[in-house]
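The numbers here are math on the coordinates, done by the rules we state, and not lab data. All values derive from a computational prediction rather than experimental measurement. Here the Cβ positions follow ideal geometry from the backbone for every residue, glycine too, while neighbour counts run over all protein chains shown.
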Ligand code: PHE
């Protein structure tokens, strides 16, 4: 491994390009769709607090570790882990961490694309004025009718997968960098606007209280696992997405500063989404724990009733689709890079195969909202199973292994060299967190869930 090694897949043009792409990966449906609904399902404040602690003590140190491994390895996560294990004179079985990530990426994207399809369909609904002047009941009926129709869901899922694969096929530099530049500020402005609407609902304080005053009696071992799993999910950790983006990062960029910026923006977007949504939930007598349909049953009420809501509704769902796109391309990138490196395919062919597999898997999620809604394994339908398996198991396990590798297996001199902060207090803190705090926390949460502690 030399300092001058570059990825065969290309390199970001600058630090800003990496920040934009990694923020694009992090900010997505996880922040705007998933965070509010799981917060609602898990009782609010205490869940949010656990989530924030997990971001700080598990997410950020592991994000630094994963970016660092990527930049040092400069290949697909599978080959990166293998090369770095060899460099550390450790067992090359570490490359299974990469494999787990590739599998997690497929599974996540399979349902992610279906939900992003919902958001795409809602662009059209916003455009045709379906929300205007409507109340909570009509909006809920609209949503229920929509997800009951498999043909519609398949159509939008297909469209979203096609868009994702087209962007990925064009490669690292051309597609990604530009989209995110407009997207992030735009999304931010619209979230603020929605918070503005939430203030007028009369239930703003109730919403804030739900989000920020913790009631620990509402929290269970499973909700702690969900909060921790979501910290991984929302920061795109534990499956190689950030590792592969790190592999395109130029040598001289400070990883730590960059990671703080990305994790900070990601958290702010999620909190804004919560602040916008819960007042609407309470003002309209809706159920906070109503599940994956939550944003589709609340935000349209806002758009249907605020002035300029038609335009803002369209803009919001367009941005949500873009935010989902910049995440979905990172979900499939580890698999595509591996296919190019090891299966002698070109990028286009790799995209076709990876896209096809994901699309097929996605049908399971499509049907779990209609035809197969009664089909459950361990009490979960296919969508819930995919979500649980990835966010609550594969990502935390992947992240745990990344932390252990960066903290215990990789030679100290190498991590110091990559992080460019050798011997400083910052380095010591990071090292302590990845060696002890993050892996121990993940381990304890697992022990608790299986009932050992
Ligand atoms: N972080 C993305 C989101 O919040 C989802 C994601 C998970 C992307 C894992 C890449 C890897 O929507």
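When 137, 226 are ordered from fewest to most other Cβ atoms inside 10 Å of their Cβ, what list results?
Listing 137, 226 from fewest to most nearby Cβ atoms yields 137, 226.
How big is the Rg/Rh ratio for region 101-247, C-alpha atoms only, Rh by Kirkwood, two decimals?
Over the Cα atoms of region 101-247, Rg/Rh equals 1.00.
Normalised by the residues of region 238-359, what does the relative contact order come to in percent, with Cα pairs under 8 Å and at least six apart?
Relative contact order comes out at 24 percent.
Determine the relative contact order of region 172-288: mean sequence separation of Cα pairs under 8 Å and six or more apart, normalised by residue count, in whole percent.
Relative contact order comes out at 55 percent.
Can you bin every Cα-Cα distance in region 393-453 into 5 Å intervals starting at zero and give me the percent of pairs per bin, rounded to whole numbers?
4, 18, 25, 21, 14, 9, 5, 3, 0
Provide, in order from the shortest bin, the percent of all Cα-Cα pairs of region 357-436 in each 5 Å bin, continuing until the bin that contains the maximum pair distance.
The calculated distribution, bin by bin, is 3, 13, 16, 14, 10, 7, 8, 9, 10, 7, 3, 0.
Mind giving me the FRET efficiency for residue 374 and residue 432? R0 is 35 Å, r the Cβ-Cβ distance, nearest 0.05 is fine.
Working: r = 49 Å, r/R0 = 1.40.
Computed FRET efficiency for residue 374 and residue 432: 0.10.
Sort 320, 360 by Cβ crowding within 10 Å, fewest neighbours at the top.
Values: 320 27, 360 10.
Listing 320, 360 from fewest to most nearby Cβ atoms yields 360, 320.
From the Cα trace of region 267-406, what convex hull volume per residue do you get, rounded to a whole Å³?
176 Å³
For region 28-123, I need the span (max minus min coordinate) of the C-alpha atoms along each principal axis, in Å, sorted largest to smallest.
48, 32, 19
Would you work out the relative contact order for region 15-449, in percent, from Cα pairs under 8 angstrom that are 6 or more residues apart?
After rounding, I find 37 percent.
Taking the chain as the reference, fit the longest principal axis to its C-alpha atoms, fit the long axis of helix 347-368 to the helix C-alpha atoms, and give the angle between the two in degrees, 0 to 90, nearest 10.
40 degrees
Return one number: the angle in degrees, 0 to 90 and rounded to the nearest 10, between the long axis of the Cα atoms of helix 395-404 and the longest principal axis of the Cα atoms of the chain.
Once rounded, one gets 30 degrees.
Which angle from 0 to 90°, rounded to the nearest 10, does the C-alpha axis of helix 60-73 make with the longest principal axis of the chain?
Tilt of helix 60-73: around 50 degrees.
Roughly speaking, what is the centre-to-centre gap between region 315-360 and region 128-167 when only Cα atoms are used, to the nearest Å?
Measuring centre to centre over Cα atoms gives 22 Å.
Nearest 500 deg cm²/dmol is fine: what mean residue ellipticity at 222 nm does the chain get from its DSSP H runs of n ≥ 4 alone, each adding -39,500 (n - 2.57), divided by its residue count? It would help to have the intermediate numbers written out before the result.
Details: 21 runs with 317 residues, N = 453.
Calculated at 222 nm, the ellipticity per residue is -23000 deg cm²/dmol.
What is the percent of Cα-Cα separations in region 88-167 that go past 22 Å?
Roughly 45 percent, rounded to a whole number.
In Å and on Cα atoms, what radius of gyration and Dmax does region 245-301 show?
Spelled out, the Cα radius of gyration and Dmax of region 245-301 are 17.5, 53 Å.
With every atom except the alpha carbons ignored, what do you get for Rg and Dmax of the chain, in angstroms?
So, for the chain, Rg and Dmax equal 21.1, 66 Å respectively.
Give me 380, 72 sorted ascending by neighbouring Cβ count inside 10 Å, so fewest comes first.
Fewest-to-most ranking of 380, 72: 380, 72.
Rounded, prolate or oblate: which one fits region 69-121, using the alpha carbon gyration tensor with axes a ≥ b ≥ c (rounded when a/c is under 1.5, else prolate when a/b beats b/c, else oblate)?
prolate
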